Amino acid sequence: MWDNPAIVVKPARRDWRVVAEKYPAHRLVLTSAMDHGLGQIFAAYKAALAYQDNPERVDLCSLCSQHLFAPDGFFERLSSPGGHLQPDLTGGGLGFGDVLERIPWRRLT
């Protein structure tokens, strides 16, 4: 299907737009880089934006790696039936609102 190579983009590390501009003839594959659950959802959000802007260049993305980690409040909310990431959008934004609220946050000084 594709005659040109793919460039793998990890949105937590590089802006996909910069990569797309640098490699205009390459298709894009976005991945979460075996990230935390919140990072996986961030990568999925960025992949959706990339697809929205460039549907002809964005190939299948590799976003589901939650099965590699011990279950926690974040990973328990993620599933990927048939390889399709199903996010938990509780609380809006990237989701996990109630899980984030239960974390004992401390101000860094």
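Some points to look at:
- Single match in Ala48, Ala70 (criterion: surrounded by fewer than 15 Cβ atoms within 10 Å (Cβ to Cβ) and assigned to a loop (DSSP other than H, G, I, E, B)): Ala70
- Selection count where residues are among the acidic types (Asp, Glu) and without any contact (Cβ under 8 Å) to a residue 12 or more places away in the chain, scope the stretch 54-93: 3
- Of all the numbered requirements in (1) modelled with pLDDT under 90; (2) assigned to a helix (DSSP H, G or I), Val18 misses one, and that requirement is (1).
- The residues in the stretch 94-109 that are surrounded by 12 or more Cβ atoms within 10 Å (Cβ to Cβ) and either free of Cβ contacts under 8 Å to residues at least 40 places away in the same chain or of a type outside the set (Gly, Ala, Ser) (or both) can be counted, and the count is 6.
- Scanning the stretch 51-67 for residues that are in a helix (DSSP H, G or I) and either at pLDDT 90 or above or closer than 26 Å to Arg17 by Cβ (or both) returns Tyr51, Gln52, Asp53.
- Residues (within 20 Å of Arg102 (Cα to Cα) and not in a loop (DSSP other than H, G, I, E, B)) located in the stretch 25-39: Gly37, Leu38, Gly39
The values are calculated or read from the model by the stated rules, or taken from the named source; none is laboratory data. Because the structure is a prediction, the values reported are computed rather than measured. Quick reminder, even Gly has a Cβ in these numbers, built from the backbone with ideal geometry, and neighbours come from all protein chains shown.
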